[in-house]
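Following: one structure in structure tokens, then a few remarks.
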Amino acid sequence: MLRATKVPLAELSGERAIVTGLAADAKLFAGRGQAAEALLAAYGSIVAAEDAISGLNASAAGPRDRPGPLRPMVVQSRNGRNPNASHFRAAIPARNRDVVWWQPATRRSWMLWHELGHHRQHSDTWSWGAMSEVTVNIYSLAARRLVVPELPNEKVGHGNVKEWEAAKKYLAQPASSKDLDRAGFFTKLVMFEQLRVVFGDDFYHRLHQRSRAGPNQPARDRKHYFMTLAAAIAGENLGDYFGKWGAKPEPRTVAEMKKFPDPTEDYTTVPVYGGK
């Protein structure tokens with residue numbers, strides 16, 4: 001079909017994703033031996049990994065916590081624009097054709113993990129404005145762990161020892177110098193990854209499930225909601241932890257977290273990404 005078509009676009013439709021882009025690029029990689037089934041399986045594994053960390057499970061008791069029937073569409077977009085995401089659509093610039101059409105690049109692409117991750121963010125409940133390009137990478141890291149666990153961290157581009165070392169330097173600053181909302185994206189991400197390392201993947205499963213079960217939060221309450229819900233899920237007072245990160249919990253947030261016992265260790269010292 002690719003040899004015969006006069007239509008400039010090609011589309012693959014799989015169980016977990018739809019891929020739409022330039023027929024010439026699809027033909028190029030098909031000529032290199034790329035099977036459509038294997039490519040769609042790679043997309044499926046990414047979607048499944050991001051489902052999993054979001055606490056979505058096909059055997060969940062209610063539909064709210066099951067993967068939805070709608071499939072994300074990955075499209076090749078115009079060059080000159082950054083990769084981006086909208087409702088059930090991830091746009092990858094045409095120049096990154098291997099990410100779209102070549103399984104080895106697809107399954108290890110932080111760009112693709114990230115744009116698909118935007119579909120998962122709870123921006124109306126606990127992912128406050130300053131975290132819009134940070135919490136998205138909770139899902140990128142999940143794809144990295146589950147799709148390409150054999151890949152060394154330094155080969156991925158993010159989620160590596162260098163970023164852990166940068167976060168340690170940030171944490172070592174005086175409290176007056178730290179403001180989480182103004183820190184670098186990947187320094188902020190370390191805090192979210194530490195919570196997973198300390199409390200396990202189930203921390204994020206429960207966070208997403210409880211967030212889905214509750215009402216949307218006004219913008220002014222989202223950080224408060226995240227910190228208090230995190231403390232409730234952990235069963236510990238995380239006030240000192242968030243304070244050391246420069247998250248600046250409000251007095252009402254501190255008071256609510258104090259309902260739980262204090263941790264027995266300083267979680268800000270827990271290494272991530274294979275660091276020390």
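Coordinate-derived values only; no laboratory data. All figures in this text were calculated on a predicted structure; none of them were measured in a lab. With ideal geometry, Cβ positions are generated from the backbone for all residues, glycine too; neighbour counts draw on all protein chains shown.
DSSP loop (so not H, G, I, E, B), at most 14 other Cβ within 10 Å: list which trypsin sites (Lys or Arg not before Pro) in the range 23-76 pass both filters.
Sites meeting the loop and neighbour criteria: 32.
Sorted ascending by nearby beta carbons within 10 Å, beginning with the fewest, 74, 99, 190, 198 become 198, 99, 74, 190. Net charge around residue 16, counting only other residues with Cβ within less than 11 Å of its Cβ (Lys, Arg = +1; Asp, Glu = -1)? Neighbourhood net charge equals -2. Overall form of the chain: prolate. Here a/c, set by the Cα gyration tensor axes a ≥ b ≥ c, is 1.5 or more, and a/b is the larger of a/b and b/c.
Based on Cβ point charges of +1 for Lys and Arg and -1 for Asp and Glu, what charge dipole magnitude is obtained for the chain about its Cα centre, in debye rounded to the nearest 20?
Here the size comes out at about 760 debye.
For the range 1-118, the alpha carbon convex hull comes to 101 Å³ per residue, rounded to a whole number. Placing a pseudo-label 7 Å from each Cα along the Cα-to-Cβ vector at residue 260 and residue 3 gives an inter-label distance of 6.1 nm. Relative to the dominant Cα principal axis of the chain, helix 201-213 is inclined by about 90°.
So which GluC sites (Glu not before Pro) in the range 176-276 are both in a DSSP loop and have at most 15 other Cβ atoms within 10 Å of their Cβ? Present the calculation step by step, with values, prior to reporting the outcome.
Details: sites: 193, 236, 256, 265; in loops: 236, 265.
Qualifying residues, ordered by number: 265.
Of the cross-linked pairs 162/259; 168/248; 27/162, those separated by over 27 Å at the C-alpha level are 162/259; 27/162. Calculate how steeply helix 36-53 sits against the longest principal axis of the alpha-carbon atoms of the chain, using the helix alpha-carbon long axis, and give the answer as 0 to 90 degrees to the nearest 10. Relative to the chain, helix 36-53 is tipped by roughly 10 degrees.
Projecting the Cα atoms of 122, 190, 225 onto the charge dipole of the chain (Cβ charges, centred on the Cα centre) puts 122 farthest toward the positive pole.
Judged by the gyration tensor of its Cα atoms, with axes a ≥ b ≥ c, the range 108-206 is oblate; a/c meets the 1.5 cut and b/c is at least as large as a/b.
Against the chain, whose longest principal axis is taken from its Cα atoms, helix 161-171 shows a tilt of about 30°.
Write down the Å³ per residue value for the convex hull defined by the alpha carbon atoms of the range 158-235.
Cα-based convex hull of the range 158-235, divided per residue, equals 119 Å³.
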